[in-house]
Amino acid sequence: MDEIALITAARQGDTDAFNRLVLTYQDMAYNMAYRMLGEVSRAEECTQDAFFAAYRNLNSFRGSSFKPWVLRMVHNACIDELRRRKRRPLVPLEPLHHDEEVESPAWLADTSPTPEEAAATRELDQAITHCLKTLPPDARSVIVLVDVEELGYEEVAATLRTPLGTVKSRLARARQKMQDCLQGFMELLPAVERLDREGK
Amino acid sequence: MRSQVNLDRLNLLSEYLDGRLQPKEQARVDALLASEPDARNELAALHSVRKLLRSAPHRTAPRNFILKPHVARTIHRDRVAIPLLGTSGLLSIGVALTLFLFAYIPKAIQSEPSSISSFAMEQAPGAPAPAAYSINGEPIIITWGVPAAGGRGGGGGEWESAVSAGTFSVKMPAAGAPSEQATPQTDTMAVTDYPPITGTGPILGVSETTTAGKDIARNITMVNYRGIGINLLLLCGLMLSATAYLLKRRRYR
């Protein structure tokens with residue numbers, strides 16, 4: 001059953017059809033929410049909110065692909081959450097910096113074959129999370145969608161309903177800012193390259 | 001200027017990295033990279049950032065986000081209820097505004113043209129007098145017991161005494177007679193001293209033994225039900241619309 005047929009069935013109240021779409025995109029949606037917010041619990045809430053919103057707004061779906069549409073719901077949910085957090089700042093339970101390590105199920109979930117690789121992956125994850133948080137939300141969305149989710153420029157423009165030129169310029173500036181921020185974590189790069197070589 | 005140039009170059013290198021440039025632009029960037037070590041370093045930095053982000057661990061959903069049937073039913077109800085709320089709110093506002101327009105605007109419109117038309121009729125040469133203001137084609141002049149000033153001005157001195165005496169006269173001059181020269185005594189009806197009305201029982205709820213002016217002021221309150229109704233309807237409409245808007249903003253993200 002293709003996406004359009006599933007969406008049509010879901011519009012007619014078939015929850016199972018909608019749930020099949022959810023199962024297809026939930027990892028991508030959750031990963032985007034996590035990269036946008038940098039917190040496991042908030043990312044989970046936003047992903048759930050995004051799928052609720054998608055179900056409510058199924059009648060307004062006009063596109064041919066469900067992916068950019070549902071990612072837009074995730075993006076909106078994350079932006080709302082960031083605004084809420086700006087109004088009512090919270091102290092996160094997860095470590096912000098690599099010297100504040102706290103063992104949690106989320107970190108344990110990143111299992112790697114060896115302890116060294118696990119440590120490198122965890123440090124890399126923390127560095128990326130920290131640096132992404134320094135970006136403005138709009139630039140963060142673009143770099144997450146292009147460089148983390150590996151969407152094309154056109155897909156990102158459709159997802160964020162932003163002109164293509166704006167996507168390109170936001171991406172370039174976001175990459176530059178990330179590079180500035182990651183200067184302090186550049187010792188991670190050899191570990192990443194080593195992991196890549198081993199993967200190949 | 002320099003920062004704009006740098007920004008353009010940054011955009012170009014970023015697109016080059018993703019292979020998004022046209023062949024002509026790509027050749028230009030190739031030449032730039034061959035000639036400028038700074039550009040090569042910049043591209044290498046962008047490349048390493050992209051590589052880091054792509055090698056970041058991909059988070060998998062900690063649980064399934066599927067909708068349970070009872071939750072889906074709740075969402076379905078919201079999907080119907082919120083637009084219904086919004087529509088009824090807007091409808092209420094529309095009805096309230098329509099009632100307002102029909103209730104108050106015609107009065108404002110009517111008052112102005114009537115004064116204009118009466119002025120125009122007065123000015124029109126040979127225009128027939130309106131039936132309501134004439135008897136046998138003759139204009140009625142009401143002097144209210146005050147001697148006519150005859151176009152000479154003044155003449156208000158006896159007004160107070162005439163009113164206090166409860167006297168007024170209606171003068172109806174004969175056809176063709178100039179109104180200025182008609183004597184006040186001809187064809188004049190005088191009504192003097194209204195006796196108090198007795199034996200009728202309460203009028204407008206006011207008994208005949210009480211002082212009418214005081215009782216009317218005290219007992220009869222003028223309530224503008226139409227105005228209150230329109231205001232209430234408008235208020236309800238605004239509240240419904242605002243609620244629907246807020247719910248939609250909160251839920252339809």
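Counting Lys +1, Arg +1, Asp -1, Glu -1, what net charge surrounds A:Met28 among other residues with beta carbon under 13 Å of its beta carbon?
Working: positive: A:Arg35, A:Lys67, A:Arg72, B:Arg59; negative: A:Asp27, A:Glu149, A:Glu150, A:Glu155.
Here the count lands on 0.
Couplings 3J(HN,Hα) of region A:149-159, computed from phi: 7, 6, 7, x, 4, 5, 5, 5, 4, 5, 5 Hz, in residue order, whole Hz [Karplus 6.51 cos²θ - 1.76 cosθ + 1.60, θ = phi - 60°; x for Gly and Pro]. By a 1.4 Å probe calculation restricted to protein chains, B:Cys236 has an accessible surface near 70 Å², given to the nearest 10. Residues B:Asp30, A:Asp180, A:Asp80, ordered by accessible area of protein heavy atoms at a 1.4 angstrom probe radius and largest first, appear as A:Asp180, B:Asp30, A:Asp80.
Sort A:Arg87, B:Arg226 by accessible area with a 1.4 Å probe, largest first. Provide the component values of the computation, followed by the final result.
On the way: A:Arg87 160, B:Arg226 125 Å².
If we order A:Arg87, B:Arg226 from most to least accessible, we get A:Arg87, B:Arg226.
Note on exposure: A:Asp49, A:Asp138 ranked by accessible area (1.4 Å probe, complete protein assembly) read A:Asp138, A:Asp49, with the most exposed listed first. A crude spin-label estimate for the pair B:Ala81 and A:Asp180, with each label 7 Å from Cα along the Cβ direction, gives 4.9 nm. Shape class of region A:122-180 from the alpha-carbon gyration tensor: prolate, with a/c at 1.5 or above and a/b greater than b/c.
Using a simple spin-label model with points 7 Å from Cα along the Cα→Cβ vector, what separation in nm is obtained for A:Gln12 and B:Arg28? If labels sit at A:Gln12 and B:Arg28, their model points lie 5.4 nm apart.
The values are calculated or read from the model by the stated rules, or taken from the named source; none is laboratory data. Treat the numbers as computed from the prediction; the structure is a model and nothing was measured. Positions of Cβ are backbone-derived with ideal geometry, glycine not excepted, and every protein chain shown enters the neighbour counts. Ligands, DNA and RNA are stripped out before the accessible areas are found, and what is left, the full protein with its side chains, is counted by its heavy atoms. Shrake-Rupley method; radii C 1.70, N 1.55, O 1.52, S 1.80 Å.
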